[in-house]
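The values are calculated or read from the model by the stated rules, or taken from the named source; none is laboratory data. Since the structure is predicted, the reported quantities are computational estimates derived from the model, not experimental observations. Using ideal geometry, Cβ is built from the backbone for each residue, glycine included, and neighbour counts are taken over all protein chains shown. We work out accessible area using only protein heavy atoms, side chains counted, and drop any ligands, DNA or RNA first. Shrake-Rupley method; radii C 1.70, N 1.55, O 1.52, S 1.80 Å.
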Amino acid sequence: MGIAWYRQEVEKVLGFKLSDPDENLDPGPRHMHHGWIKQPNNGLWAYGMYIENGRLIDNSLTVKLKSLCHHFDEHLPHEFMITPNQDALFINLPESMKKSLNMI
């Protein structure tokens, strides 16, 4: 139905009119979280992967995302996040865990 319709629906729920968007606003580049990323706040690592359609599935011999997540849950201490870009992030991983994950 489009952005204008969506704005109207949000305004109905909020009970007030939203301000017009700033046409000159530059949100900057999108940061994709794929592969190994060193976390700047604590020196630990994160491993990110794109989850197509936001679904964790095993659908062929080469795509085993669901199995990978189960392996993480069962064998590796971790924290988990999902980004608005449908990236799954396993975070706060020590350097020693990089070898374990690369072998999967």
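Here are the numbers for the structure shown:
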quantity	calculated
Amide H contacts under 5 Å for LEU44, placed H, 5+ residues apart	GLN39
Solvent-accessible area per residue for the chain (1.4 angstrom probe, square angstrom)	78 Å²
Helix 65-75 axis, angle to the chain major axis (alpha carbon atoms, nearest 10°)	60 degrees
Helix-only [θ]222 nm of the chain, DSSP H runs n ≥ 4, -39500 (n - 2.57) each, per residue, nearest 500	-8500 deg cm²/dmol
DSSP-loop GluC sites (Glu not before Pro) across the chain, with at most 11 other Cβ within 10 angstrom	GLU23, GLU95
Three-way shape call for the range 49-95 based on the alpha-carbon gyration tensor, with the a/c threshold at 1.5	oblate
Folded to 0 to 90 degrees: helix 3-14 orientation relative to the chain principal axis, Cα	80 degrees
The chain, accessible surface, carbon-and-sulfur percent (1.4 angstrom probe)	57 percent
Neighbour cut-off at most 16 other Cβ (10 Å), DSSP loop, chymotrypsin sites (Phe, Trp or Tyr not before Pro), the range 1-31	PHE16
Lysine pairs meeting the criterion (Cα under 26 Å, 8 or more apart or interchain), as found in the chain	8
In the range 41-90, trypsin sites (Lys or Arg not before Pro) in a DSSP loop with at most 11 other beta-carbon atoms within 10 Å	ARG55
